[in-house]
1. For the stretch 25-44, state whether one or more residues are within 17 Å of residue 116 (Cα to Cα), at pLDDT 95 or above and not in a strand (DSSP E or B).
2. Where residues in the stretch 18-46 are crowded, with 18+ Cβ neighbours inside 10 Å and without any contact (Cβ under 8 Å) to a residue 40 or more places away in the chain, which of them is farthest from residue 73 (Cα to Cα)?
3. Considering every residue within the stretch 75-94, establish whether at least one is over 18 Å from residue 124 (Cα atoms), touching a Gly at 6+ places or on another chain (Cβ under 9 Å) and surrounded by fewer than 20 Cβ atoms within 10 Å (Cβ to Cβ).
4. Hey, which of the helices (runs of 4 or more DSSP H) in the stretch 58-128, taking only ones fully inside, have at least 2 residues that are out of contact with any Ser or Thr (no Cβ under 9 Å at 6 or more places or on another chain), modelled with pLDDT under 70 and within 27 Å of residue 22 (Cα to Cα)?
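The values are calculated or read from the model by the stated rules, or taken from the named source; none is laboratory data. It should be emphasised that the depicted structure is a prediction, and the values quoted were computed from it without experimental measurement. Cβ coordinates were reconstructed from backbone atoms using ideal geometry, including for glycine residues, and neighbour counts include every protein chain displayed.
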Amino acid sequence: MKYACIDVGLKRIGFAFSPDGKVVLPLDAILRKNRNQAARDVADRIIEWGAERLIVGLPFDGSSSEEMQRRIRHFVSLLDLSIPVDYQDEQGSSQEAAEYIRGQFRDRRDGRLDSVAAKIILERYLEK
């Protein structure tokens, strides 16, 4: 099965893909200008890569997790996809991604961190 994973942020959406449920590749993040444009771009990429299931990072713990869960679920509803969607706890994935890429990239705003976080979220999902 082919999996896509998104890590939804307010400025960028990290994107990762697994062609076989074993190897996970971080792809270029999607710059979020507005939610409709971002939803179109995410849906287009999911279709382009032929994903059969979407995994979405969702914060389960934290002071603002309820509001972010609401925003992320609303964003996913805008995707209008016909594939199953599963949610995976994203707690600590951004910190783990920052540690993973420490010293590799100068510009943290290019979205690589977000896509490495999506990669980590998808790896967690596939390990279950």
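1. yes
2. 32
3. Of the residues in the stretch 75-94, the ones over 18 Å from residue 124 (Cα atoms) are 75-83.
Of the ones still in play, those that are also touching a Gly at 6+ places or on another chain (Cβ under 9 Å) are none.
The answer is no; no qualifying residue exists.
4. By residue number, 93-101.
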